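See below for the structure under consideration.
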There are 2 protein chains.
Amino acid sequence: MTPSAATPAYRRLSVEERRTQLLNAALTLFAHRTPEDVSLDDVAEAAGVSRPLVYRYFPGGKQQLYEAALRSAAEELRHCFDEPRDGPLLPRLARALDRYLTFVDEHDTGFSALLQGGSVVETSRTTAIVDGVRRAAAEHILSHLDVTDPGRHLRMTVRMWITAVEAASLIWLDEGKQPPRDDLRDWLVEQFEATLAVTAARDPQTAALAQRLTADE
Amino acid sequence: MTPSAATPAYRRLSVEERRTQLLNAALTLFAHRTPEDVSLDDVAEAAGVSRPLVYRYFPGGKQQLYEAALRSAAEELRHCFDEPRDGPLLPRLARALDRYLTFVDEHDTGFSALLQGGSVVETSRTTAIVDGVRRAAAEHILSHLDVTDPGRHLRMTVRMWITAVEAASLIWLDEGKQPPRDDLRDWLVEQFEATLAVTAARDPQTAALAQRLTADE
């Protein structure tokens, strides 16, 4: 153990501070390794504490730490969607996407492992957390579009695009983060516009919206 | 047990016939219920055999039966993609999609449970089976497009669309199979065309392809 890693153990932390410290150590580890490759010893070492101390705060062990880290990451991801409700719509979408892709960039391995499924730490709870983020993203988009009662076509279009963005993120990580992030962001915004235009031909609500987007530009 | 359900037990079946019979019973049950709602007793009753007999063929119990049923369903799904390589491309895609949506229709509950994740029977093996079908779908599309060395943009576009189709299928099931299947099929084909057109503006390979598709019509 390096002296610097051990330092935190010498300070008396409050329960809340200690919990946050352990969680942050776990978050960093889970972001850049698969859950299979993270042990409680790794978390203890990264936080500069003993393994029993980790267990005192997280008696459920790795599974509990993983879920806590995931909830914390999900919270961070939701903040990516925060965007003032003024100015043209597509640049708002582009800014939110930019923050989302930065998040993906910074949590690469963990993000892939989580979304590729079949992980040992995957449970109905972790699935619910991920689904919650997806739902939040769809609600954000619909609320920015100023649609209070979105019909089936529009909801389906937004959710299809969100899933396509997820797929694109995973492929992007697989491909060594190519094309460059800005290109990917603009391409995805263009896909959003195109997919809305297709739906507009089938659905009056989406048609009205597509018209507003065009007027916006 | 009804007499008709019990009938198969009175005939001596070969090992292979018996295995197929049990698997078919399992497939039907897993298609219309969540894995959580299917017990080995249900499979035994549906096949008109005893529970120990099911265990003799599938010593791994429900998990093994589920995986065997999933492999069999995946095989069936791959056949949906079989399509002669002549005639315009978009109608070929429409026909394959039509068979895929019929499959989704006929395996509704099981399809949702499988793709929504977090199920008790989900393992790295079930995930690999599902991923294999996704990869097969992408390869089929690229081979119909006559692209031997697809670049990053084109691969990404095809995989994004496949994921969007999956998302659309799940929402379609959630929404009581609305809009009608034919509408959904045509809408998804239009989305494919639109998403290729967007990528065409960024990638010469896709641009050449989009031109061929337009000439096709």
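List of remarks:
- Heavy-atom accessible area ranking, 1.4 Å probe, most first, across B:D182, A:D108: B:D182, A:D108
- Annotation for the A:B interface, with buried accessible surface near 3200 Å², both sides summed [1.4 Å probe; non-protein components not counted].
- Exposure of A:C80 as accessible area (Å², to 10), given a probe of 1.4 Å and all protein chains: 10 Å²
- Between the alpha-carbon centres of region B:154-217 and region A:29-92 there is a gap of 35 Å.
- Across region B:53-112, the convex hull enclosing all Cα atoms gives 89 Å³ per residue.
- Cα gyration tensor, the protein assembly as shown - rounded (a/c under 1.5), prolate or oblate: oblate
- ³J(HN,Hα), Karplus 6.51/-1.76/1.60, whole Hz, each residue of region A:48-63, x for Gly, Pro: x, 10, 8, 4, x, 5, 4, 5, 5, 7, 10, x, x, x, 4, 4
- Each Lys or Arg adds one and each Asp or Glu subtracts one; over the other residues with Cβ under 9 Å from the Cβ of A:D105, this totals 0.
- Under the Karplus curve 6.51 cos²θ - 1.76 cosθ + 1.60, θ = phi - 60°, whole-Hz ³J(HN,Hα) for region B:122-131, x wherever Gly or Pro sits: 6, 9, 5, 5, 5, 4, 5, 5, 5, 4
- Among the protein heavy atoms of the protein assembly as shown, carbon and sulfur supply 53% of the accessible surface, probe 1.4 Å, non-protein parts ignored.
- Chain B - percent relative contact order, Cα under 8 Å, separation 6 or more: 20 percent
- Magnitude of the charge dipole for the protein assembly as shown, about its Cα centre and with charges confined to Cβ atoms of Lys, Arg (+1) and Asp, Glu (-1), is about 1300 debye.
- DSSP loop trypsin sites (Lys or Arg not before Pro) with at most 16 other Cβ within 10 Å excluded, longest remaining stretch of chain A: A:86-176
- Overall form of region A:113-217 per C-alpha gyration tensor (a/c, 1.5; a/b vs b/c): oblate
The values are calculated or read from the model by the stated rules, or taken from the named source; none is laboratory data. From a predicted model like this one, the values you see are computed outputs, not experimental measurements. Glycine also receives a Cβ, built like all others from the backbone with ideal geometry; neighbour counts cover every protein chain displayed. Surface areas here come from the heavy atoms of the whole protein model, side chains and all, with no ligands, DNA or RNA. Shrake-Rupley method; radii C 1.70, N 1.55, O 1.52, S 1.80 Å.
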